[in-house]
Amino acid sequence: MKLIFPIAGAVTFLSAIALSQSQSTREITRDQLRDKIEGGWAGQMIGVSYGAPTEFRFRQAMVPEDKLPKWRPEMVSNALNQDDLYVDMTLAKVLDDKGLDATTDDFGAMFKEAKYQLWHANLAARRNLKRGVPATLSGTPKYNAHANDIDFQIESDFIGLMAPGQFQFTNSLSWRAGRVMNAGDGIYGGMFISGMYAAAFFEKDVRKIVEAGLACLPQKSPYALAIRDVLTWSEQNPDWTKTWQAINEKWDKREPCPEGALKPFNIDAKLNGAYVALGLLYGKGDFSKTMEVATKAGQDSDCNPSSAGGIVGVMLGYKGIPKEWSSGIEGLADRKFNFTEYTFHTIVDSTEKRALALIAKSGGSVNGDKITVKMQKPTAAKLDLWDDYGSPVERVPSSDARWSWKGEWMKPAAGSAPGRGGPAPDTKASSTKGAEATITFNGTGAIVTGPYLPTGGTAQVYLDGKLDRTVDVYPDEDSRKRGESVWHAFGLKNGPHTIRLVVLGEPATGSKGADIEIEDLVYFR
């Protein structure tokens with residue numbers, strides 16, 4: 001079934017295009033460039049630290065006023081251990097090592113060896129790379145059930161921060177880096193965010209900044225349609241909460257992530273990208289108001305104010321961020337971000353150096369303190385969607401009679417593995433060779449969900465009587481990760497399909513055991 005997304009809300013993009021066409025070149029001083037780069041990194045740090053206490057605590061709900069964090073400057077130290085920053089920076093290091101033409105394989109090689117904890121699309125991508133999947137495929141839905149998740153969106157800031165007015169470069173680099181962990185709208189999220197950063201160097205009107213980011217996207221993509229809706233509704237509704245309600249009513253309905261499908265949890269890139277746009281449009285360039293709205297929107301409420309704060313930080317410059325927000329940064333500006341070689345000062349140095357190289361490569365010039373930027377026109381990326389398999393229809397828990405079980409299966413003990421989230425109530429587990437789980441569904445795709453385990457084992461999965469693949473549930477780290485894809489397939493012929501999972505009783509490479517746990521089946525139609 002091919003999904004058709006109607007175009008709703010007529011918003012023209014003349015102002016966004018005019019941003020790059022009104023002058024073929026723009027000038028900026030070295031001091032201004034550095035100040036804006038500092039502002040972008042500082043805004044990210046502040047936003048992620050501010051929103052961290054509310055992250056995913058409010059799902060399909062706004063953060064109440066009394067739960068909104070009370071900012072203290074020392075809270076910004078939290079940013080040193082946030083994946084929003086350390087993944088962002090290690091992707092940036094690929095460019096420092098390989099140059100501006102770094103390839104998808106270059107980004108994949110770095111990501112494969114990264115030692116930090118990851119989740120969702122990032123975790124799936126690293127597991128794929130370690131199992132021999134090429135970097136050009138590790139983000140695709142064949143191998144990655146999280147392809148539309150927020151991962152690349154929250155780590156694409158480094159692209160826009162080095163690309164003042166360079167919209168075609170931000171799209172090109174987003175494609176090269178983003179396909180390691182995402183596909184479709186998951187990549188478009190990075191194009192949207194990095195495009196807004198590129199615009200913010202020369203634009204003070206946040207609406208035009210959002211429109212410039214939107215102009216980088218294929219206009220019929222669901223991501224672009226969601227942002228266009230936010231632009232339309234923000235003109236109609238002076239009250240941001242009414243626009244928030246409209247976003248949720250239309251766009252919080254179809255989350256394919258194995259942890260979030262048919263649940264309040266939503267880590268989809270476009271929904272959370274809509275919340276970034278919400279914060280920017282209603283913040284109107286005011287840093288405090290932007291933080292408040294982007295955080296109050298809920299769901300991934302540390303990543304969203306981090307992106308919004310970074311974009312406003314570029315627009316205002318570091319010196320323009322109110323001191324009550326930024327005053328904690330200088331005290332830790334020479335401390336390294338975890339898992340990186342960078343401090344605040346050195347990531348700014350690195351970004352400035354790359355920005356100057358890109359400006360020169362793109363036809364601009366650097367003459368002493370004077371920088372001339374040859375502006376690029378925002379150009380829509382090619383439409384390349386993957387989620388045309390349908391929508392999630394039902395979650396069938398392992399306790400449901402539609403499942404059949406052979407061999408030894410039991411409920412895992414609470415606290416049987418470290419990490420976020422113990423066993424779900426209906427989880428069944430086995431490490432016995434030959435134990436089987438079978439279920440039939442009617443649809444176009446399915447995910448067998450369960451946790452990744454430090455004691456994760458291997459299994460063979462048969463689809464409609466034929467061996468589809470051998471899987472394992474080891475996360476490559478000593479942590480339990482609930483709500484993951486044990487096995488998945490999309491784009492099947494609409495109709496009945498039978499899945500049979502056979503436990504091999506063998507540990508995955510590096511694992512401490514041979515366990516397989518099954519939570520439920522999510523099927524699509």
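Suppose we filter ALA135, ALA124, ALA147 for residues that are buried (at least 24 other Cβ atoms within 10 Å of the Cβ), in contact with a His (Cβ under 8 Å, 6 or more places away or on another chain) and either under 20 Å from TRP386 (Cβ atoms) or of a type in the set (Gly, Ala, Ser) (or both); which single one remains?
ALA124
Need pairs with beta-carbon distance below 7 Å; first residue more than 30 Å from GLY328 (Cβ to Cβ) and within the range 345-367, second part of a strand (DSSP E or B) and of a type in the set (D, E, K, R); sequence gap 6+ or separate chains.
That search, which allows pairs on different chains as well, returns SER362/LYS374; GLY363/LYS374; GLY364/LYS374.
Determine whether GLU249 is acidic (Asp, Glu) and either buried (at least 18 other Cβ atoms within 10 Å of the Cβ) or on the phi > 0 side of the Ramachandran plot (or both).
No: the conditions fail for GLU249.
Can you tell me which of (1) over 17 Å from VAL486 (Cβ atoms); (2) within 15 Å of the chain's Cα centre (by Cα); (3) without any contact (Cβ under 8 Å) to a residue 40 or more places away in the chain is the one ASN122 doesn't meet?
(3)
Evaluate the range 341-351: report whether one residue or more is touching a Ser or Thr at 6+ places or on another chain (Cβ under 8 Å), surrounded by fewer than 19 Cβ atoms within 10 Å (Cβ to Cβ) and assigned by TED's automatic domain parsing to the domain that holds SER156.
no
Going through PHE158, PHE152, PHE202, PHE169 one at a time, which residue ends up being surrounded by fewer than 24 Cβ atoms within 10 Å (Cβ to Cβ), touching a helix residue (DSSP H, G or I) at 6+ places or on another chain (Cβ under 8 Å) and not in a loop (DSSP other than H, G, I, E, B)?
None of the other options fit; the residue is PHE169.
Within the range 41-95, how many residues turn out to be under 25 Å from ASP239 (Cα atoms) and not in a helix (DSSP H, G or I)?
Looking only at that region, the number is 14.
Residue under question is ASP464, and the condition is that it be buried (at least 20 other Cβ atoms within 10 Å of the Cβ), modelled with pLDDT of 95 or more and charged (D, E, K, R); does it hold?
For ASP464, the condition - buried (at least 20 other Cβ atoms within 10 Å of the Cβ), modelled with pLDDT of 95 or more and charged (D, E, K, R) - is not met.
May I ask you to say which residue of ALA269, ALA277, ALA355, ALA297 is surrounded by 15 or more Cβ atoms within 10 Å (Cβ to Cβ) and in contact with a strand residue (DSSP E or B) (Cβ under 8 Å, 6 or more places away or on another chain)?
ALA269
Confirm whether LYS270 is at pLDDT 95 or above and within 20 Å of the chain's Cα centre (by Cα).
In short, yes.
Checking PRO475 against (1) over 17 Å from ALA145 (Cβ atoms); (2) assigned to a loop (DSSP other than H, G, I, E, B): exactly one of these is not met. Which one?
So PRO475 meets the others, but not (1).
List the helices (runs of 4 or more DSSP H) that sit entirely inside the range 251-352 and contain at least 1 residues that are of a type in the set (Gly, Ala, Ser) and within 17 Å of VAL230 (Cα to Cα).
So the answer is 269-283, 287-296, 303-316.
Any idea which residue in the range 369-393 is nearest to GLY195 (Cα to Cα), counting only those that are in contact with a Leu (Cβ under 7 Å, 6 or more places away or on another chain) and in a strand (DSSP E or B)?
ILE371
Which of the following residues is acidic (Asp, Glu) and modelled with pLDDT under 95: ASP185, ASP84?
Only one candidate passes the filter, namely ASP84.
Quick check on SER288: is it touching a helix residue (DSSP H, G or I) at 6+ places or on another chain (Cβ under 9 Å) and surrounded by fewer than 24 Cβ atoms within 10 Å (Cβ to Cβ)?
Yes; evaluated as a whole, the condition is true for this residue.
Identify, from the list LEU85, LEU68, LEU91, the residue that is among the hydrophobic types (A, V, I, L, M, F, W, C) and surrounded by fewer than 24 Cβ atoms within 10 Å (Cβ to Cβ).
LEU68
Against the definition (modelled with pLDDT under 95 and either touching a Gly at 6+ places or on another chain (Cβ under 8 Å) or surrounded by fewer than 24 Cβ atoms within 10 Å (Cβ to Cβ) (or both)), how does TYR116 come out, yes or no?
For TYR116, the condition - modelled with pLDDT under 95 and either touching a Gly at 6+ places or on another chain (Cβ under 8 Å) or surrounded by fewer than 24 Cβ atoms within 10 Å (Cβ to Cβ) (or both) - is met.
Using beta carbons and a limit of 6 Å, which pairs, at least six apart or on different chains, have the first residue in the range 53-80 and hydroxyl-bearing (Ser, Thr, Tyr) and the second one crowded, with 17+ Cβ neighbours inside 10 Å and part of a loop (DSSP other than H, G, I, E, B)?
As it stands, the answer is THR54/VAL63; THR54/SER301, since those pairs meet every condition given.
Checking the structure you have, find out if any residue of the range 46-54 is of a type in the set (A, V, I, L, M, F, W, C), over 18 Å from VAL314 (Cβ atoms) and either buried (at least 17 other Cβ atoms within 10 Å of the Cβ) or touching a Gly at 6+ places or on another chain (Cβ under 6 Å) (or both).
Within the range 46-54, one or more residues are of a type in the set (A, V, I, L, M, F, W, C), over 18 Å from VAL314 (Cβ atoms) and either buried (at least 17 other Cβ atoms within 10 Å of the Cβ) or touching a Gly at 6+ places or on another chain (Cβ under 6 Å) (or both).
The values are calculated or read from the model by the stated rules, or taken from the named source; none is laboratory data. Not measured: the values here are computed from a predicted model. Note: ideal-geometry Cβ built from the backbone for every residue, glycine included; neighbour counts use all protein chains shown.
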